[in-house]
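> Before I ask anything, here is the structure I am working with.
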Amino acid sequence: MTFSDILTALSKKKECELITSWKEIPIRVKLPIKWISSKERLISFNFKECRFKSVFSGTDPVYIKFNEIFLSCRIFSNVRDELVLEIESAVPAPHIALREYIRVQPKETEPVYVSFCVGEKCILKAKVVDISENGVGMLLHEKDASILLDTLSDISTDVQKIHTKIEIYMDIPNEKLIKTIGELKNIVKENDYIRIGLKMDLDEKDRTTIRRYIMQRQREILEQLKSI
């Protein structure tokens, strides 16, 4: 199916499902279509009644879901009650549409911390940037990340060791300290920082604790979004 075919099919629909994210929470809305310009690949939506207008104002990609196709778009304009998206390409289902678990960002004033330990020695304490029931992401300054990576037997240069497991302690506000095993899943360089992702091996008690935290944090984030 060509872009022309897709846009022709979209022009016959009254509304479309849009997917984006805010503070790691997937946001899905259905908006009425106002007009489509096939030549410029622009599609306009009426979002007068949309409760999440503020989400559609940044640089995060927005996806239009059309049957099993996802169209990656950038925000062309969002003036008053009209949202105009510029379609850039057809893409595989984005990760925010495939997530098995809800992911949230901790509250700035109530951070979550993860301490990395080897034996009886904790070598580093890191601030969490996002958390789900089965994983956690941290953003470390390059110097701090090097301490961890050097300890893990040069893991940054050995792809075979990317799944190295390490003991961690997670400190969630108002909850009992969680001790578990983290499996290193990804290392991504972002300017002077290194983003490290861990998969967590949790027992049901600890999973329930994290699930409770995530549900509470999700409610807080959505209430904040509605008030903007």
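> Which one of TYR213, TYR113, TYR193 has the biggest mean-square fluctuation once the chain is modelled by GNM with Cα springs under 10 Å?
Most flexible of the set in this elastic network: TYR193.
> Right, something else. Which pairs break 20 Å Cα to Cα here: LYS13/LYS48; LYS34/LYS226; LYS23/LYS176? Working shown, then result.
Details: LYS13/LYS48 18 Å; LYS34/LYS226 24 Å; LYS23/LYS176 25 Å.
Over 20 Å apart, Cα to Cα: LYS34/LYS226; LYS23/LYS176.
> OK, next. Tell me the mean residue ellipticity at 222 nm calculated for the chain from its helices only (DSSP H runs of n ≥ 4, each -39500 (n - 2.57), averaged over every residue, nearest 500).
Details: 4 runs with 47 residues, N = 228.
Calculated at 222 nm, the ellipticity per residue is -6500 deg cm²/dmol.
> Let me ask something else about it. Full-extension gain between ASN186 and TYR113, please, as 0.36 nm times their residue separation minus the C-alpha to C-alpha distance.
Values: separation 73, 0.36 × 73 = 26.28 nm, distance 1.84 nm.
That pair, ASN186 and TYR113, stretches by 24.4 nm at full extension.
> Find out how many positive minus negative residues lie around ALA97, taking Lys and Arg as positive, Asp and Glu as negative, among other residues whose Cβ is under 9 Å from that of ALA97. Display every interim value, and only then the final one.
Values: positive: ARG28, LYS65, ARG99; negative: none.
Cβ neighbours under 9 Å give a net charge of +3.
> Assigning unit charges at the beta carbon (Lys, Arg +1; Asp, Glu -1) and nothing else, what dipole magnitude in debye, to the nearest 20, does the range 1-101 show about its Cα centre?
On the way: 16 positive and 13 negative charges, 64 e Å.
Once rounded to the nearest 20, the dipole reads 300 debye.
> Under 19 Å from the 7 Å Cα→Cβ point of SER37, by amide nitrogen: which residues of the range 82-106?
Zone members listed by number: 82-89.
> Another one. By how many degrees, between 0 and 90 and to the nearest 10, does the Cα long axis of helix 142-151 differ from the longest principal axis of the chain?
The answer is roughly 50 degrees.
> Just to check I understand the Karplus step: with θ = phi - 60° and J = 6.51 cos²θ - 1.76 cosθ + 1.60, what whole-Hz values come out for the range 203-218, glycine and proline as x?
Listing the rounded values in order: 7, 5, 5, 5, 4, 5, 4, 5, 4, 4, 5, 5, 5, 5, 5, 4 Hz.
> I want the local charge near THR8. Using Cβ-Cβ distances under 14 Å, sum +1 for each Lys or Arg and -1 for each Asp or Glu among the other residues. Kindly include the intermediate steps, with their values, before the conclusion.
Details: positive: LYS12, LYS13, LYS39, ARG41; negative: ASP5.
Every neighbour counted, the sum reads +3.
> Also, quick follow-up: Identify unpaired cysteines across the chain, taking unpaired to mean no other cysteine Cβ lies under 4.7 Å from the residue's Cβ.
CYS16, CYS50, CYS73
> So if a site counts as exposed when it's one of the trypsin sites (Lys or Arg not before Pro), its DSSP state isn't H, G, I, E or B, and it has at most 15 other Cβ atoms within 10 Å, what's the longest stretch of the chain without one? Don't skip to the end; give the middle numbers.
Values: sites that count: LYS12, LYS13, LYS14, LYS39, LYS48, ARG51, ARG80, ARG99, LYS176.
Between exposed loop sites, the widest span is 100-175.
> Counting only C-alpha contacts under 8 Å and six or more residues apart, can you give the relative contact order of the chain as a whole percent? Please list the in-between numbers first.
Details: 419 pairs, mean separation 32.6, N = 228.
The value is 14 percent.
> Right, next: Taking the range 1-77, which GluC sites (Glu not before Pro) meet the DSSP loop condition and have no more than 13 other C-beta atoms within 10 Å?
Details: sites: GLU15, GLU17, GLU24, GLU40, GLU49, GLU68; in loops: GLU24, GLU40, GLU49, GLU68.
Answer in residue order: GLU40, GLU49, GLU68.
> Then there's this: Can you pull the one-decimal nm distance between simple spin-label points at ALA9 and LEU222, each 7 Å off the Cα toward Cβ?
3.0 nm
> How large are Rg and Dmax for the range 35-133 when calculated on the C-alpha trace, in angstrom?
So, for the range 35-133, Rg and Dmax equal 19.4, 64 Å respectively.
> LYS65: which aspartates and glutamates have alpha carbons under 16 Å from its alpha carbon, excluding same-chain residues fewer than 8 sequence positions away?
Once the sequence-local aspartates and glutamates are set aside, what remains near LYS65 is ASP5, GLU15, GLU17, GLU86, GLU88.
Any read-out appearing in this document is the output of simple, stated calculations on the displayed coordinates, not a laboratory observation. This is a predicted model, so every value here is computed, not measured. For neighbour counting, all protein chains shown are included, and Cβ atoms are generated from backbone atoms with ideal geometry for every residue, glycine included.
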